[in-house]
Amino acid sequence: AEYAGEGLAHVAERQLDEALPGTFGRASLFIDDCPDIVWCADECLPRLGCHVVGEVPGGPYTACWNWTTTGCGPCGDVGDLVARCNETYPECGGQCFTA
């Protein structure tokens with residue numbers, strides 16, 4: 001009911017208080033969007049990260065949260081990005097994935 005078309009400006013203005021209130025009323029949780037799908041990689045190692053072989057051809061692609069897989073993935077039908085990576089980067093040996 002308080003939304004007036006100015007994004008979250010009305011909420012940000014309330015964050016100027018330096019002290020926390022004794023009780024809280026209703027709250028909202030805003031989860032940021034998934035990062036874009038930008039890279040093709042061929043291996044990920046714990047604590048070392050992924051070995052990026054290059055950019056996803058035609059990318060970057062917008063990613064969205066998927067409740068079925070409980071992870072980020074391509075938004076809408078953007079074709080098989082993994083196949084694009086494997087076609088573009090033969091050094092993956094057919095094991096490329098997107099990151």
| message | Show me the ranking of peptides 71-84, 20-33 by mean Cβ neighbours inside 10 Å, starting with the highest. | response | 71-84, 20-33
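With every protein chain left in place, what is the accessible area per residue of the chain in square angstrom, probe 1.4 Å? Each step should come with its number before you reach the end.
Values: 7950 Å² over 99 residues.
On a per-residue basis, the chain sits at 80 Å².
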| request: Taking the Cα atoms of segment 30-98, report the difference between the largest and smallest coordinate on each principal axis, in whole Å and largest first. | output: 39, 30, 19
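Report the full-extension gain for the segment E13 to D77: residue separation times 0.36 nm, less the Cα-Cα distance, to one decimal in nm.
On the way: separation 64, 0.36 × 64 = 23.04 nm, distance 3.88 nm.
Stretched out fully, the E13 to D77 stretch lengthens by 19.2 nm.
Please give the FRET efficiency for E87 paired with C50, using the beta carbon to beta carbon distance and R0 = 25 Å, rounded to the nearest 0.05. It would help to have the intermediate numbers written out before the result.
Details: r = 19 Å, r/R0 = 0.77.
Step by step, r from the Cβ atoms, then E = 0.85.
Please give the contour-minus-distance gain from D36 to T70: 0.36 nm per residue of separation, less the Cα-Cα distance, rounded to one decimal in nm.
On the way: separation 34, 0.36 × 34 = 12.24 nm, distance 1.63 nm.
Extending this stretch completely gives an extra 10.6 nm.
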| query | In the chain, carbon and sulfur make up what percent of the accessible area (probe 1.4 Å)? | reply | 55
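The values are calculated or read from the model by the stated rules, or taken from the named source; none is laboratory data. Please read these numbers as outputs of a predicted model, since none were measured by experiment. When we count neighbours, we look across all protein chains shown, and the Cβ atoms used for this are built from the backbone with ideal geometry, even at glycine. For accessibility, only protein heavy atoms count, side chains too; no ligands or nucleic acids. Shrake-Rupley method; radii C 1.70, N 1.55, O 1.52, S 1.80 Å.
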